[in-house]
1. Would you be able to say whether some residue in segment 74-81 is part of a loop (DSSP other than H, G, I, E, B), out of contact with any Lys or Arg (no Cβ under 6 Å at 6 or more places or on another chain) and buried (at least 23 other Cβ atoms within 10 Å of the Cβ)?
2. Does segment 299-308 contain at least one residue that is aromatic (Phe, Trp, Tyr), closer than 30 Å to Gly115 by Cβ and touching a strand residue (DSSP E or B) at 6+ places or on another chain (Cβ under 9 Å)?
3. So which residues in segment 127-141 are over 17 Å from Gln366 (Cβ atoms) and loosely packed, with under 15 Cβ neighbours inside 10 Å?
4. Is it fair to say Val346 is surrounded by 19 or more Cβ atoms within 10 Å (Cβ to Cβ), β-branched (Val, Ile, Thr) and under 24 Å from Glu384 (Cβ atoms)?
5. Filter segment 274-332 down to the residues that are crowded, with 19+ Cβ neighbours inside 10 Å and either outside the structural domain of Ala364 (by TED's automatic domain parsing) or at pLDDT below 95 (or both) and list them by number.
6. Looking for whichever is in contact with a strand residue (DSSP E or B) (Cβ under 7 Å, 6 or more places away or on another chain) and of a type outside the set (Asp, Glu) here; the options are Leu151, Leu166. Which one fits?
7. Going through segment 201-219 one residue at a time, which ones are in contact (Cβ under 8 Å) with a residue 40 or more places away in the chain, crowded, with 16+ Cβ neighbours inside 10 Å and touching a strand residue (DSSP E or B) at 6+ places or on another chain (Cβ under 6 Å)?
Amino acid sequence: MTGVPGAAAVLGDLPDDLVAPSYDGRSLASVLPAAAGALGIDLTPGGRSREAQRSLGLPDVERVCVVLVDGLGHDNLAERAGHAPFLRSLLAGSEPLLSSFPSTTAAAMGTFGTGTCPGRTGMLGYTQRDAETGALANMVSWDGAGEPESLQREATVLQGVASAGLGVTSVGPRRFAGSGMTRAALRGGTYVAAESLPGRVDAVVRALREPGLAYLYWGDVDKVGHHRGWGSWQWGDALEALDRELADLSRRLPRGTLLLVTADHGMIDVDLTERWDVAAEPELSRGVQMVAGEPRATHLYVASDDVAQVRERWTQVLGDAALVVTRDEAVAAGWFGPVSAHVREVPGDVVVAMRRRATVVDSASQSAASLTLTGVHGSLTRTEMRVPFLTSQS
């Protein structure tokens, strides 16, 4: 699967502050396939797990633990590494991976779980238009969305590893067991519910008494970042707590276990002087039937004969605070990777990638709480797109 160098031919060179996504090589899409390759499993098609293993430089092992820390961007971690001595020790000499576009949990988890891209999974933002009903669907809670297996039709990497006969254990909060996102992106193997991070560490250690793959999810860093900002002391405390438990996990894993730590996206703190509200800006709302996505990566659904005009108006209003493109341009540029036929109408007719610390909100459709978030993500900036890839072997 190819990355996005073709974007330059369609949109011109991306601004220096933006990074085109990639869905092979040093990409979030490669992590679980590479873990499968390290376990000796050659996923089809094309032996991609072995190729991913070589791209990420992983050894052959009998046990792999993959930790995904929601919202822990590479640049965020590097800036606040004083709070994380264990992760800092792994950060030196490491190279980041690139997330998906949008650089947000729903899109990135689909990419991570399947080893493919949003154009294949149909998971393209926090919210998006449901292609069957035309209603707004939330891709994190799965409210308003259809059956997960109907939208996300790609086999997951966890299914591939389990089908090869190895143990597969996912560890996360109880509310994620059987959730829409879990069924869509991480189906396969056994799900173990544990609420606290120490409890999740215990569950992973138990699971890896036998050879296989264990996956651990932690979301508190992202949660604190949204409400307090990643530059806050509260975020530093959340990072310290994470680091302490991951250091304990590393010490307790069986000898020879490969530990991989990554994230779904990074985060920026908003600049409220560069925030636009669609509901309060007639030039932004005119011709727009539905606003979806998130404040940093917005999907606009419009009538077919209004696409060019909406794109032009948004470009004029937002200026150099955003990159505004049509769906066809974004698809041709590879922002979503190769796009399956059933996903073709899911992206917005117009797609907006914000720059700097700017945001777009819609007070007519978004909750009051969502309008007050301090930390956000979703766009193509280095801080949002670059995620850590940290490795150690016990």
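1. The answer is no, given that none of the residues of segment 74-81 is part of a loop (DSSP other than H, G, I, E, B), out of contact with any Lys or Arg (no Cβ under 6 Å at 6 or more places or on another chain) and buried (at least 23 other Cβ atoms within 10 Å of the Cβ).
2. In the first step, residues of segment 299-308 are kept if they are aromatic (Phe, Trp, Tyr); the result is 301.
Right, trim to closer than 30 Å to Gly115 by Cβ and you get 301.
Cutting the leftovers down to touching a strand residue (DSSP E or B) at 6+ places or on another chain (Cβ under 9 Å) gives us 301.
So far as segment 299-308 goes, yes, one or more of its residues are aromatic (Phe, Trp, Tyr), closer than 30 Å to Gly115 by Cβ and touching a strand residue (DSSP E or B) at 6+ places or on another chain (Cβ under 9 Å).
3. Glu132, Thr133, Gly134
4. Details: surrounded by 19 or more Cβ atoms within 10 Å (Cβ to Cβ): yes; β-branched (Val, Ile, Thr): yes; under 24 Å from Glu384 (Cβ atoms): yes.
Judged against the criteria, Val346 is a match.
5. none
6. That would be Leu166, the only listed residue that is in contact with a strand residue (DSSP E or B) (Cβ under 7 Å, 6 or more places away or on another chain) and of a type outside the set (Asp, Glu).
7. Across segment 201-219, the qualifying residues are Val204, Ala207, Leu208, Pro211, Gly212, Leu213, Ala214, Tyr215, Leu216, Tyr217, Trp218.
So that you can scan it fast, the table gives a plain yes or no per residue for (1) at pLDDT 95 or above; (2) acidic (Asp, Glu); (3) within 20 Å of Ala330 (Cα to Cα):
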site	(1), (2), (3)
Val61	yes, no, no
Asp75	yes, yes, no
Arg80	yes, no, no
Arg120	yes, no, yes
Thr127	yes, no, yes
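The values are calculated or read from the model by the stated rules, or taken from the named source; none is laboratory data. Being a predicted model, the structure only gives us computed values, none of them experimental. Heads up, the Cβs are rebuilt from the backbone with ideal geometry, glycines too, and the neighbour counts pull from every protein chain shown.
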